[in-house]
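So the structure is just underneath, and the comments pick up after that.
Since every read-out is calculated from the coordinates, none of them should be taken as a lab result. Computed from a predicted structure; not experimentally measured. A quick note on method: Cβ atoms are made from the backbone with ideal geometry, for glycine too, and the neighbour counts reach across all protein chains shown.
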Amino acid sequence: MTPVLEVDGLAVDYENGVRALDGATLTVSAGETVGIVGESGSGKSTLGAAVGGLLPSSARITSGAVRVDGAEVHRLRPKALRALRRDRLGFVFQEPIGSLDPTMRVGKQVALALRGRGGDVLSHLDRVRLSDPARVARAYPHQLSGGMAQRVAIAMAMACEPEILVADEPTAALDAQIRDDVLDVIFSLAAAAGTTILWLSHDLPAVGKRCSRIAVMYGGRVVESGTAAGVFGAPRHPYTAALVAAVPGAAARGERLTSIPGQPPVLTGPADGCAFAPRCPDALDLCGSRPPLVVAGDREVLCHRATVAVGR
Ligand SMILES: Nc1ncnc2c1ncn2[C@@H]1O[C@H](COP(=O)(O)OP(=O)(O)O)[C@@H](O)[C@H]1O
Ligand SMILES: [Mg+2]
């Protein structure tokens, strides 16, 4: 079976010299719910944008590839790329207003997103749990609260039952008390449509609760991936372990809250070795060279320590 998404050694540089992705690799099967976590600047949004060929013109892919259903996204002609985005991909971003056209009534925008497919506009607004779909349909985006606008953006992203939904911090700008409800909407619509979710987030507990798989990013690479229970319950990469220890709940029993000492890197070219080595409590001399991918069962770890542990 062809995986629905393959990110294969992807490296992306921005015009200002920043290397946002430095050989990121991730393979996703149909129907998986994948949480992509990592500190701000680790490359999550760049990876999410690359999936849809949505990188800004200031970004350049210097190596690697992204394939959706085996088709290399960045080699598609404009017409085929538009068709891919329209028919098979959905995107939800942190700021819902950015996904909506300020000059057009909401109902008309949802109708356009449906492109004549089944279901009427009001039922699609009802499915995202908007309490008065008819009123929302008549409104312009600026007349909606952030939570309502995000529900509309979700209705539009899911209108054509995409194969992959990329949700980039979809609740980060929303009030805490509605976040869970918005996530319920995303996950239940995706489950009903068989949509694969890539949820980019730095909220580890939320991601751990809902996702089947976790990919941890650091310095523009996926440094660990595996089941949510495995990765968060028994991290193999020292960065994952540090992230888990830094979760506020981890200090619930009166322990001191650990934060990870040092700053995440801003790369301006390929990292010579492991990008986490300068902050890593377990670094070896070896870590000055790039770590190989170590695969053990469903776990993939990019760490010299993991190589030593499995005796290679
Ligand atoms: N449009 C851009 N122009 C220049 N640098 C960028 C741009 N977008 C992101 N970056 C840089 O690329 C790196 C990765 O950023 P990003 O993909 O946004 O990570 P995350 O979503 O994990 O915070 C960061 O160092 C960030 O400052
Ligand atoms: Mg981001």
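Amide H contacts of residue 139 (H built 1.01 Å from N, in plane; Pro and chain starts excluded): 106, 107 sit under 5 Å, all sequence-distant by 5 or more or on other chains. Straight Cα distances below 28 angstrom link residue 209 to the lysines 44, with same-chain residues fewer than 8 positions distant left out. Rounded to the nearest whole Hz, the Karplus-based 3J(HN,Hα) values (6.51 cos²θ - 1.76 cosθ + 1.60, θ = phi - 60°) of the stretch 48-53 follow the sequence x, 5, 4, 4, x, x, with x at glycine and proline. For the listed peptides 283-289, 103-109, a ranking on the average number of other beta carbons within 10 Å per residue, highest first, reads 103-109, 283-289. The Kirkwood radius of the stretch 189-251, taken over pairs of alpha-carbon atoms, gives through the Stokes-Einstein law at 25 °C and 0.890 mPa s a diffusion coefficient of 197 µm² s⁻¹. Backbone geometry of the stretch 136-150 corresponds, through the Karplus equation with coefficients 6.51, -1.76 and 1.60 at θ = phi - 60°, to 3J(HN,Hα) couplings of 4, 4, 7, 7, 8, x, 5, 8, 9, 6, x, x, 5, 4, 5 Hz, x marking Gly and Pro. Amide hydrogen proximity for residue 200: with H placed 1.01 Å from N in the peptide plane, the residues at 5 or more positions away or on another chain lying under 5 Å are 36, 167, 168, 169. Restricting the calculation to Cα atoms, every distinct pair contributes to the Kirkwood radius of the chain, found to be 20.4 Å.
For the chain, modelled as a GNM whose springs connect Cα atoms under 10 angstrom apart, the maximal fluctuation among 263, 94, 150 occurs at 263. Local charge for residue 171 was computed over the other residues whose Cβ lies under 10 Å away, with Lys and Arg +1 and Asp and Glu -1, and equals -4. The value for the stretch 16-75 of Rg(Cα) / (2.2 N^0.38 Å) is 1.15. Working note: Karplus 6.51/-1.76/1.60 with θ = phi - 60° gives the stretch 83-97 the couplings 5, 4, 5, 6, 9, 10, 10, x, 10, 10, 10, 4, 9, x, 4 Hz, where Gly and Pro are set to x. DSSP beta bridges fully contained in the chain are about 60 percent antiparallel.
Taking the three principal axes of the alpha carbon atoms in the stretch 84-153, the coordinate ranges are 31, 25, 22 Å, sorted in descending order.
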